[in-house]
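*Asks:* Below is a structure I'd like to ask you about.
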Amino acid sequence: MSAPIHIQPGETFTLNVGPQHPATHGVLRVKLEMDGEYIVHAETVLGYIHRMHELMGENRTYPQVLPNLSRLDYLGALGYTHGHVLAVERASGIEVPERAEYIRAITVEMNRIASHLFWFGAFVMDLGGFTPLMYAIQDREYILDILERVTGSRLTYCYYRFGGLYNDIDDEFIPATKAFIPRMRESLKKYDALVTGNIILQKRLKDIGPLSKELCRKYGATGPVARGSGIDFDVRKNEPYSVYPEFDFDIPVYHECDSFARYKVRMDEMEQSLRIIEQGLEKLPDGPIMPAKKPKLIKPPAGDYYQAVETARGSFGIRIVSDGGKNAYRFKLRSPTYSNMHLFDEACEGMLIMDALALMGSLDLVIPEIDR
Amino acid sequence: MSLTVLNAIIAVVIAIGFAALNAAYLVWAERRGAGRIQRRPGPNVNGPLGLLQPLADGAKLMTKQLMIPGGADKALFMVAPVLAMAPAIMSFVTIPFSDVIVAKSMDVGVLMIFAFASLGSMSILFAGWSSRNKYGVMASVRAVSQAISYEVPMLITVITIVMMTGSMNLHDLAVSQAGGFWHWNIIPSLASPLMPVSFLIFFICSLAETNRAPFDLGEAESELVAGFHTEYGSMGFGLFFMGEYANIVIGASLITILFLGGWGCPFGLFPSVFWFLLKIYLLIATFIWIRWTFPRTTIYGLLNLSWKILIPISLFNLLLTAGLLKVF
């Protein structure tokens, strides 16, 4: 809800939301100039947890920098390592066995569901409902258990290798995942009944926090944020990579541009990810998980390489400029949340602080990924 | 004379004891209830079923240092938590728990409770203002506008009931509904066919008056950190916390007396204090249930609900009841 603002000079005050604030979910600071409860001007301040991942990428070898990628976004880490291995494989021309590609797609989609589940809980908690978080992390726990058995870690995975995987899936992976799919579908129905249909939630999200198509384009927003504003763009469909062309799935797009549209996009994406996992398990071929022939030392030929992947938060791009050495000459990460967050400054002007923070929640910010 | 003084002292001690005990154990009940709803055990380590948890919490709060932020208005800062707790305890004095268990039966009992209830928003305003915290000020302004807009429909609803009963004495109000649930005010009668609606309005208003979710805008943690008590620690925070739960008990007691027949049995048998306690704890369980189910409303949604929906309906109900009372 926005209202015309007529302020006299000296009538506003500055409110620092963050770096320690329950709504920012991390060390993000938003400097708000407020007129009562209305926001006159907002400025996001970054850099509190900058760790120079890009520089690290330039003074380490390609395998050495692999674990760094999962430290970007701790909720959907597999998508980011997927981007890195794909970029390096493309650069050095490594063939990946089909089985490895399928397992990658299945695990990435499971990680996407886990990430969206956590977002769902945290977002509803932002709106004041604490209980859905508990339900969501219980379902997420199930995914983490499955992934932990295969990858060895629960949050910052380093499972993919150049050319394949660290190890094959175990005997329990397929039955556990098959049991998980119907369970998750039940849960999604439950969430719809408990949260989506709730009149208070709908009043808080519908027509609140409009992000126009133009605004999204201007700031380069991708992922569910852009798809909630009617931009039909998903890297998995538009620039297919890995084995995604083999799967039959839809890209949910909503044209309402409000917070509720972004909410619906993510809820629908979970269902689509379940479909991908289902098909992936069906089609999963036998065979090796690492290529028979693989260079001992990863040394991509000199050149400029770019690979984009669709992570839980949007299009994550990784650009590698190689001079033929064992380190990258330039290592550039294009993280989706960085772009998604920057439209907040412009979008929240004239909004009430409650609605602005609901809008911020709907952007699904993960701060370590902005401050890489 | 001395007997009256002794009576008064005993009444006050019992009132404070009841309020404090309820406040402490409702926190426990709330946490256990939340645990039930969220598929987790809740506090279960201290004592059987975690029943000693309130004692541990109390000891922790009392032994913490009382911090006063720099630049705060010290006097108001210290007065505010006391002001949150004291009116709640005072209100217990006039609440009849049964035909005989009442500290002081007053002819203006209803008025007195509402007078004290409005003091509660003073304490929130003091707390937010004196702690010199922007979040605190914003929260306290919210809480006061909320309290003002919800006292109006609440009082209009009470006027409707007082009109039907012809008394402002809480004891008389309860006695007038004696003998089975079909005599209760919540059941529509010829004179007031809209009574269930009134009950709903009163119930929503009590949620808002006690700053409970989904109307807990004064302490909306996701935007205002901890709202008006951001700067409070130690027993200052403890008193706010206890005051909130004491207010919940009063809200539930008022609903019970005004709409649910006070201490009367639903089937007209053996009216006793047992029924009264059963009813208020059922209502409180509903409060807890609502809190852990719904997200929070917005401040404008909240004010719109009161001024555009609740007040017109309650006014219409008042006029309707007045007219029908004249007819029948």
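*Asks:* Within region B:186-238, how many residues are touching an Asp or Glu at 6+ places or on another chain (Cβ under 8 Å), within 20 Å of B:Glu151 (Cβ to Cβ) and more than 14 Å from every other protein chain (Cβ to nearest Cβ)?
*Replies:* Selection size over region B:186-238: 4.
*Asks:* Moving on. Which condition breaks for B:Gly301 when tested against (1) of a type in the set (Gly, Ala, Ser); (2) in contact with a helix residue (DSSP H, G or I) (Cβ under 8 Å, 6 or more places away or on another chain); (3) more than 12 Å from every other protein chain (Cβ to nearest Cβ)?
*Replies:* Failing condition for B:Gly301: (3).
*Asks:* Consider B:Ile290 carefully, then state whether it is hydrophobic (A, V, I, L, M, F, W, C), without any contact (Cβ under 8 Å) to a residue 24 or more places away in the chain and either in contact with a strand residue (DSSP E or B) (Cβ under 9 Å, 6 or more places away or on another chain) or under 30 Å from A:Phe123 (Cα atoms) (or both).
*Replies:* Against the criterion (hydrophobic (A, V, I, L, M, F, W, C), without any contact (Cβ under 8 Å) to a residue 24 or more places away in the chain and either in contact with a strand residue (DSSP E or B) (Cβ under 9 Å, 6 or more places away or on another chain) or under 30 Å from A:Phe123 (Cα atoms) (or both)), B:Ile290 does not qualify.
*Asks:* Hey, another quick one. Answer with yes or no whether A:Arg149 is touching a helix residue (DSSP H, G or I) at 6+ places or on another chain (Cβ under 8 Å), within 14 Å of chain B (Cβ to nearest Cβ), basic (Lys, Arg) and in a helix (DSSP H, G or I).
*Replies:* No.
*Asks:* List every residue pair whose Cβ atoms sit under 7 Å apart, with the two residues 6 or more apart in sequence or on different chains, where the first one lies in region A:269-291 and is in contact (Cβ under 8 Å) with a residue 40 or more places away in the chain and the second, anywhere, is acidic (Asp, Glu).
*Replies:* A:Ser273/A:Glu109; A:Ile276/A:Glu109; A:Ile277/A:Glu109; A:Lys283/A:Glu246; A:Pro285/A:Glu98; A:Gly287/A:Glu98; A:Ile289/A:Asp168; A:Pro291/A:Glu95
*Asks:* Something else now. Hey, A:Pro240 hits all of (1) out of contact with any helix residue (DSSP H, G or I) (no Cβ under 8 Å at 6 or more places or on another chain); (2) part of a helix (DSSP H, G or I) but one; which does it fall short on?
*Replies:* Tallying (1) out of contact with any helix residue (DSSP H, G or I) (no Cβ under 8 Å at 6 or more places or on another chain); (2) part of a helix (DSSP H, G or I), A:Pro240 fails exactly one: (2).
Condition check ((1) of a type in the set (A, V, I, L, M, F, W, C); (2) crowded, with 17+ Cβ neighbours inside 10 Å; (3) more than 27 Å from B:Ile113 (Cβ to Cβ)) across all residues:
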{"site": "B:Gly17", "(1), (2), (3)": "no, no, no"}
{"site": "B:Arg40", "(1), (2), (3)": "no, no, yes"}
{"site": "B:Ala59", "(1), (2), (3)": "yes, no, yes"}
{"site": "B:Ile89", "(1), (2), (3)": "yes, yes, no"}
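*Asks:* Another question, if that's okay. Looking at region B:25-39 only, could you name the residues that are more than 15 Å from the chain's Cα centre (by Cα) and more than 14 Å from chain A (Cβ to nearest Cβ)?
*Replies:* Selection gives B:Tyr25, B:Trp28, B:Ala29, B:Arg32.
*Asks:* Quick one: which of A:Gly128, A:Gly121 is within 14 Å of chain B (Cβ to nearest Cβ) and outside any helix (DSSP H, G or I)?
*Replies:* After ruling out the rest, the residue left standing is A:Gly128.
*Asks:* So, restricting to helices (runs of 4 or more DSSP H) that lie completely within region A:327-372, which ones have at least 1 residues that are more than 14 Å from every other protein chain (Cβ to nearest Cβ) and touching a Gly at 6+ places or on another chain (Cβ under 6 Å)?
*Replies:* Passing ranges, in order: A:336-347, A:367-370.
*Asks:* What is the one condition in (1) within 22 Å of the chain's Cα centre (by Cα); (2) within 28 Å of A:Gly163 (Cβ to Cβ) that A:Lys293 does not satisfy?
*Replies:* (1)
*Asks:* Given (1) within 14 Å of chain A (Cβ to nearest Cβ); (2) surrounded by fewer than 22 Cβ atoms within 10 Å (Cβ to Cβ), where does B:Pro295 come up short, assuming only one miss?
*Replies:* (2)
*Asks:* Please indicate, with yes or no, whether at least one residue in region B:59-81 is under 19 Å from B:Met122 (Cα atoms) and touching a Gly at 6+ places or on another chain (Cβ under 6 Å).
*Replies:* Yes: region B:59-81 contains one or more residues that are under 19 Å from B:Met122 (Cα atoms) and touching a Gly at 6+ places or on another chain (Cβ under 6 Å).
*Asks:* Looking at this structure, is A:Pro245 part of a loop (DSSP other than H, G, I, E, B), closer than 17 Å to A:Ile106 by Cα and out of contact with any Leu (no Cβ under 6 Å at 6 or more places or on another chain)?
*Replies:* Spelling it out, it is not the case that A:Pro245 is part of a loop (DSSP other than H, G, I, E, B), closer than 17 Å to A:Ile106 by Cα and out of contact with any Leu (no Cβ under 6 Å at 6 or more places or on another chain).
*Asks:* Something else: Condition (residue is out of contact with any Pro (no Cβ under 7 Å at 6 or more places or on another chain), modelled with pLDDT of 85 or more and within 14 Å of another protein chain (Cβ to nearest Cβ)) applied to region B:40-58: is it met by at least one residue?
*Replies:* Within region B:40-58 (the criterion being out of contact with any Pro (no Cβ under 7 Å at 6 or more places or on another chain), modelled with pLDDT of 85 or more and within 14 Å of another protein chain (Cβ to nearest Cβ)), the answer is yes, since at least one residue qualifies.
*Asks:* Also: Can you pull out the residues in region A:315-372 that are without any contact (Cβ under 8 Å) to a residue 40 or more places away in the chain and under 12 Å from the mean Cα position of the chain (by Cα)?
*Replies:* A:Tyr338
*Asks:* Continuing with the same structure: Filter region A:308-330 down to the residues that are out of contact with any Asp or Glu (no Cβ under 9 Å at 6 or more places or on another chain) and among the charged types (D, E, K, R), then identify the one that is nearest to A:Arg217 (Cα to Cα).
*Replies:* My answer is A:Asp323.
*Asks:* Looking only at helices (runs of 4 or more DSSP H) that fall completely inside region B:121-238, which ones have 2 or more residues that are within 19 Å of the chain's Cα centre (by Cα) and more than 21 Å from B:Ala88 (Cα to Cα)?
*Replies:* Per the criteria, B:134-165, B:195-209.
*Asks:* Hey, any hits in region A:99-117 for a residue that's crowded, with 22+ Cβ neighbours inside 10 Å, within 14 Å of another protein chain (Cβ to nearest Cβ) and at pLDDT 90 or above?
*Replies:* The answer is no; no qualifying residue exists.
Residues are listed down the side, and each one gets a yes or a no for (1) touching a helix residue (DSSP H, G or I) at 6+ places or on another chain (Cβ under 7 Å); (2) within 27 Å of B:Leu111 (Cα to Cα):
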position: B:Asp216; (1), (2): no, yes
position: B:His229; (1), (2): yes, no
position: B:Gly233; (1), (2): no, no
position: B:Ala252; (1), (2): yes, yes
position: B:Leu258; (1), (2): yes, yes
position: B:Trp263; (1), (2): yes, yes
position: B:Ser272; (1), (2): no, yes
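*Asks:* Also, I was wondering about something else. Counting only residues that are of a type in the set (S, T, N, Q) and more than 12 Å from every other protein chain (Cβ to nearest Cβ), how many does region A:195-219 have?
*Replies:* 1
*Asks:* Any chance region A:155-170 includes a residue that's part of a helix (DSSP H, G or I) and either surrounded by fewer than 19 Cβ atoms within 10 Å (Cβ to Cβ) or small (Gly, Ala, Ser) (or both)?
*Replies:* Among the residues of region A:155-170, not one is part of a helix (DSSP H, G or I) and either surrounded by fewer than 19 Cβ atoms within 10 Å (Cβ to Cβ) or small (Gly, Ala, Ser) (or both), which makes the answer no.
To keep it simple, each residue is scored yes or no on (1) among the aliphatic types (A, V, I, L, M); (2) over 24 Å from B:Ser91 (Cβ atoms); (3) surrounded by fewer than 22 Cβ atoms within 10 Å (Cβ to Cβ).
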position	(1), (2), (3)
B:His229	no, no, no
B:Thr256	no, no, no
B:Trp263	no, no, no
B:Val273	yes, no, yes
B:Lys326	no, yes, yes
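*Asks:* Name every residue in region B:42-57 that is of a type outside the set (Val, Ile, Thr) and surrounded by fewer than 18 Cβ atoms within 10 Å (Cβ to Cβ), in order of residue number.
*Replies:* Within region B:42-57, B:Asn44, B:Asn46, B:Gly47, B:Pro48, B:Leu49, B:Leu51, B:Leu52, B:Leu55, B:Ala56 meet the criteria.
The values are calculated or read from the model by the stated rules, or taken from the named source; none is laboratory data. Everything quoted here is computed from the prediction, not taken from an experiment. Note that each Cβ is placed from the backbone with ideal geometry, even for glycine, and that neighbours are counted across all protein chains shown.
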